[in-house]
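As structure tokens, the structure follows; a few thoughts come after it.
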Amino acid sequence: TIGSLLEVGTGFHPELTGRQNVYLSGTIHGMSRKRITALFDQIVDFSEIVTFIDTPVKHYSSGMYMRLAFAVSAFAETDILIVDEVLAVGDSQFQKKCITKMQQATTQGRTLLFVSHQLALIANICDRCILLSKGHKLAEGPARETIIEYMNKLEAGEGSDGQIVWSDPVTAPANATVRLNRISISSQGRVSSAVDIDKPIEI
């Protein structure tokens, strides 16, 4: 079975309460009513919105929507879970909970298809990575290697060489004490905007 979390509140009806939407969304994810009832308290506890569970979700913030929608998806026990950039909505503490939950799912043999531009998150969650551009696959392999390849392509495409030089002092950032002339970043003796976060860098 496949479950997806591609948009905030997927499978939710705005006129229904959070409680009713847990059952609705859970059913869409292929769960039986009995199974949803058995997991209901865990789902609500994970979402951290127990106070508002009987409030119609049309009154929820986008963050509350995301919390409850992710909680249902996380407990749905699907073989494959597809997650898009939706995690950007939640606060950092809840994002950590979601990441831990996704990592647990992968250790249990479930497949996670995670679509994101958050490179550090991809490196932490994913073993393998596919680099897409305009619907075409440009690269595939271990996550960290593919991320570095992406950064190299980005650097080559945008002409960034890992440094900024202000030749005109009038345009340079400054305060009463300091005026910047040049900023550069280098790794392994080479100035570059594409660096491996596991290796020392110099600024």
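Please work out which residue is modelled with the lowest pLDDT, limiting yourself to region 136-167 and to residues that are among the β-branched types (Val, Ile, Thr) and surrounded by 14 or more Cβ atoms within 10 Å (Cβ to Cβ). Once the filter is applied, the top-ranked residue is ILE164. I'd like to know if region 126-135 contains one or more residues that are assigned to a loop (DSSP other than H, G, I, E, B), at pLDDT below 80 and open to solvent by less than 100 Å² (accessible area, probe 1.4 Å). No.
Listed by first and then second residue, the pairs with beta-carbon distance under 6 Å, at least 6 apart or on different chains, first residue in region 116-142 and in contact (Cβ under 8 Å) with a residue 24 or more places away in the chain, second open to solvent by 70 Å² or more (accessible area, probe 1.4 Å) and outside any strand (DSSP E or B), are ALA123/ARG144. Here is the figure for region 170-203: residues that are at pLDDT below 80, out of contact with any strand residue (DSSP E or B) (no Cβ under 6 Å at 6 or more places or on another chain) and open to solvent by less than 80 Å² (accessible area, probe 1.4 Å) total 4.
Helices (runs of 4 or more DSSP H) fully within region 7-119 that include at least 3 residues being closer than 27 Å to LEU132 by Cα and open to solvent by less than 50 Å² (accessible area, probe 1.4 Å): 62-74, 92-107.
Only one of the numbered conditions (1) of a type in the set (A, V, I, L, M); (2) at pLDDT 85 or above; (3) under 19 Å from MET102 (Cα atoms); (4) touching a helix residue (DSSP H, G or I) at 6+ places or on another chain (Cβ under 7 Å) is violated by LEU39, and that is (4).
Cβ separations smaller than 6 Å between residues 6+ apart or across chains give the following pairs from region 180-203 residues that are outside any loop (DSSP other than H, G, I, E, B) to residues that are among the polar types (S, T, N, Q): SER184/GLN163; VAL191/GLN163; VAL191/SER184; ILE201/SER187; GLU202/SER186.
The values are calculated or read from the model by the stated rules, or taken from the named source; none is laboratory data. Model, not experiment: these values are computed from the prediction. Because the Cβ atoms are built from the backbone with ideal geometry, glycine has one as well, and the counts that use them run over all protein chains shown. Each accessible area value is taken on the protein alone, full model and side chains, heavy atoms only, with ligands, DNA and RNA left out. Shrake-Rupley method; radii C 1.70, N 1.55, O 1.52, S 1.80 Å.
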